[in-house]
Every structure is written in structure tokens, then in C-alpha cells.
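First up is the structure itself, then whatever we jot down about it.
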Amino acid sequence: MRAAVVTAAEFEVTELPTPRPGAGQLLIDVSRCGICGSDLHARTHADELADLAVATGYEHFMRSDQSVVLGHEFSGTVVDYGPDCRKRWKTGTPVVSLPIVRHGRQPHLVGLSTAAPGGYAEQVVVQESMTMPVPNGLSAEHAALTEPMAVAWHAVRRGRVGKGQTAFVIGCGPIGLAVISMLKAAGVRTVVASDFSPRRRELATTCGADVVVDPATESPWTAAPKKGRINGVTDILGLGFDAMDRLRRVPNLPWWYVFRLAHTLNAGPAGPVIFECVGVPGIIDQILTAAPPLSRVVVVGVCMETDRFHPAMAINKEIELRFVLGYDPGEFRDTLHMLAEGKVDPSPLITGTVGLDGVADAFTALGNPERHAKILIDPRGAGTALI
């Protein structure tokens, strides 16, 4: 099969032996494969990522001197099964899969390990138990976005955004756009998006953002609706006085039980939920400094450098800071069905398609935020030009 192989940050399209599925695995023909920001990082910072992976307990992340087939956002069709499979689907069935396989008891990340070549190729091996049929005739292009949209769905779920809360999305690259789409699919009524790039702001609007801000000229925090907003610690103290004044007016009321019930139901005052989707040093500190009190900050952007922020600022505002990664199989399945049922439209994210021979140029093009968000690879497409 043909595949785009990266070695020491350089791509080469070459012929590789047809992959053979192992026990509990199947072989699929790749229909489309997305280029992820993780792929961009892995191409040039593989050793840093590998060291980080080792520190967190995974020892098989790719190294810069290894030859690897990248690609973990893919859709395809069933070709063949390995031993010990239930053979759930006929040959030719469109499927997607979580990008993880297991050799024995050892897991390997598809597209980020030499032991699990990825979707920048005509064929890829996946785990049968992690594979799902594509429903409702969903296109191969949209099905390939199940993986990045599942990342966004996991972040939104972990953010626990109420429909009446304001959600801020800071950074409107591919993951920020996906988060916006999933917030609207979850029924969140007010989404404020912020990005310096005019093109990304345009895409944020297309994805459903209600307010879109250029932070060079306007603060996202002041652009949000003001009704019921907590602007500072003084507002929180004022709420305490107001609540006690009302409760004390009721004769013989054990007012502390009201507070205990509110604590049990998590019904106290709350700020907005903020999704950090930039991933560069300094952004978390900027958010903690500018965000309203009682905010929840969900860190989705992957910062690969050492960062600094002021804990006292977050403490004084009682800001909750959450870090998120990936998704679980249930979230992956639910995302696939949300796409197939039309609850989420991923088409604004797709800004180009290229064949294997154009992968290197696609990586270069993705460095310009004014041109592209998500580029898909068609492994059997001809030529190098972006379509």
C-alpha cells in the first residue's frame, strides 16, 4: 500500500507491505483522514512528546528518528479480519474507530507509534471492539471528523455548562471551532468566541457562536450579555447580604438548612464556563486575571512549554481549573451519531482535501490560520494541490 511516512520531520510517500490485522483486529481501507494539531506537534516535537508520555506512563510514543505513518482521525471501509474476531460487519461496510489498538495487553496509539501505523495510508489496522459502523449514510468526510469532534464533546461534558450559562471559547482553531459546535449542540444559548484571525472568527460564526470578538479591539468579557453577570468579588458579597436579608425576614426559619440544601444541589451562584483552546504560555494566566469570579476554566489547548500563573488570583475569585484529554468510547459513539443525525454540522471545519503526495504541503498550509482549519487526506486521491 502507499503511505506518507515521516522521519526526522520529513515526509516521503512510499510503498509499504499490506498491514496484517492481529487477534481481535480488522483491516480497513482508509477513505479520509484528518490532519490534527497533534500531528503537527508530533512531526517536529516528537521527542518532547515522547518524554512527556513516558512520564505519564506510556512508553511507545514515536521518536523523531523513527519512521512513522501518522493519522488518527479517519474513516474507512471493512476489508478483512484477523483471528479471534466476531466479524460483525460485511466487507465494504463504512466504519470509524477509536485510534487505539492492543498487542497482547499493551495499548498503542494509532498514528503516533511505530507499532500502530496510522491513517496517512491506503489501509490501517484497528481494534474490532473499538470500531463502529457509520450510520445514516454519513459521508466519509464527516465521519472522519468523529475523533476531533469527540475531543470537543468530552471537553463540553467536562465543562458541565448549563444551557443558561455563558460559555467563552478562547481560540478558534480547529478544536475551538469544534467546541463551539458542540456547545450549540448541547443547547447552550450564549457562546462568546474570541480569536485574532478574521478567517477563524468567520468560521466561529458559521459554527454557531453568538458573539464573536477580535481581542485586539474588544474584550470578550465585556462583549458577553450583562444580565445577571457576576463582575467582581463585591457582587458575590452583595449576594450574600441579599440572601441573608431575605432569609432573616422569615420567622423561626433555620436559614442554615437553606444553605445546606443549596450546597447539596450545587445551586449557588456561578460564573461562566471558559474553554481555553489556544495552548500557548501565558493564556491561562490571562484568563484567570480577566475572568469573572466563580468561573470554570476548561483547558483544551495543549501547551507544550512550561507555563506560569498566579494561584492567588484564582483563589480570590474561586475559579475552578480543569484539564481535559481525549474521550471515552461512549462519547466517541455519541459524537458519531450526533454527526449522522444532523445535530452537529462539521462541514465549516473542512477547508481542504489533499492526496498523499500533498501531505507535506498541507502541513505548511496549516501554519497559516487565514487559509485553513481542517485538511483531510484522501489516500487514493491524485496530485498535490489542495482542493
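The values are calculated or read from the model by the stated rules, or taken from the named source; none is laboratory data. Keep in mind that what you see is a predicted model, and the values were worked out from it rather than measured. Methodologically, a virtual Cβ is constructed for each residue, glycine included, from the backbone with ideal geometry; neighbour enumeration extends over all protein chains shown. These accessible areas exclude ligands, DNA and RNA; they are computed on the full protein's heavy atoms, side chains included. Shrake-Rupley method; radii C 1.70, N 1.55, O 1.52, S 1.80 Å.
Worth pointing out:
- Hey, S38 surrounded by 17 or more Cβ atoms within 10 Å (Cβ to Cβ), in contact (Cβ under 8 Å) with a residue 12 or more places away in the chain and out of contact with any strand residue (DSSP E or B) (no Cβ under 8 Å at 6 or more places or on another chain) or not: yes
- Which listed residue is assigned to a loop (DSSP other than H, G, I, E, B), surrounded by 18 or more Cβ atoms within 10 Å (Cβ to Cβ) and either within 21 Å of the chain's Cα centre (by Cα) or not polar (S, T, N, Q) (or both), from I274, I230, I284: I230
- Selected residue [of a type in the set (S, T, Y) and under 17 Å from the mean Cα position of the chain (by Cα)] from S139, S181: S181
- Output for region 372-387, where each listed residue is assigned to a loop (DSSP other than H, G, I, E, B), at pLDDT 85 or above and either surrounded by 14 or more Cβ atoms within 10 Å (Cβ to Cβ) or among the hydroxyl-bearing types (S, T, Y) (or both): H372, A373, D378, P379, G381
- All of V191, V211, V179 fail the test of being without any contact (Cβ under 8 Å) to a residue 24 or more places away in the chain and surrounded by 12 or more Cβ atoms within 10 Å (Cβ to Cβ), apart from V211.
- The set of residues from region 233-261 being in a helix (DSSP H, G or I) and polar (S, T, N, Q) comprises just one member, T234.
- Any chance M130 is more than 24 Å from R380 (Cα to Cα), open to solvent by 30 Å² or more (accessible area, probe 1.4 Å), hydrophobic (A, V, I, L, M, F, W, C) and at pLDDT 95 or above: yes
- Residues located in region 10-28, provided they are assigned to a strand (DSSP E or B) and surrounded by fewer than 21 Cβ atoms within 10 Å (Cβ to Cβ): E10, F11, E12, V13, T14, E15, L27
- Selection count where residues are in a loop (DSSP other than H, G, I, E, B), in contact (Cβ under 8 Å) with a residue 40 or more places away in the chain and either of a type in the set (A, V, I, L, M) or under 16 Å from P293 (Cβ atoms) (or both), scope region 214-227: 1
- Residues being of a type in the set (A, V, I, L, M), surrounded by fewer than 17 Cβ atoms within 10 Å (Cβ to Cβ) and under 21 Å from the mean Cα position of the chain (by Cα) - total across region 46-67: 1
- Check on M338, over 24 Å from L203 (Cα atoms) and either under 17 Å from the mean Cα position of the chain (by Cα) or assigned to a loop (DSSP other than H, G, I, E, B) (or both): no
- Test: residue in region 129-144 that is under 25 Å from D47 (Cα atoms) and part of a helix (DSSP H, G or I): no
- Filter pass, V212 being touching an Asp or Glu at 6+ places or on another chain (Cβ under 7 Å) and not basic (K, R): no
- Single residue of D328, D361, D334 found to be touching a residue at least 12 places away in the same chain (Cβ under 8 Å), more than 27 Å from I274 (Cα to Cα) and open to solvent by 40 Å² or more (accessible area, probe 1.4 Å): D361
- Selection of first residues in region 297-313 that are closer than 24 Å to T166 by Cβ and of second residues that are of a type in the set (S, T, N, Q) and open to solvent by less than 90 Å² (accessible area, probe 1.4 Å), restricted to Cβ pairs under 9 Å at least 6 apart or on distinct chains, gives the following pairs, ordered by first then second residue: F309/T289; H310/T289; M313/T289.
- Candidates G268, G301: the one that is touching an Asp or Glu at 6+ places or on another chain (Cβ under 6 Å) and either farther than 30 Å from G326 by Cβ or at pLDDT below 95 (or both) is G301.
- Among the residues of region 85-122, just one is touching a Ser or Thr at 6+ places or on another chain (Cβ under 6 Å) and either without any contact (Cβ under 8 Å) to a residue 24 or more places away in the chain or part of a loop (DSSP other than H, G, I, E, B) (or both), namely G92.
- Residues (open to solvent by less than 20 Å² (accessible area, probe 1.4 Å), more than 19 Å from A9 (Cα to Cα), touching a helix residue (DSSP H, G or I) at 6+ places or on another chain (Cβ under 9 Å) and not acidic (D, E)) located in region 68-118: F74, S75, G76, G82, V95, V96, S97, L98, P99, V101
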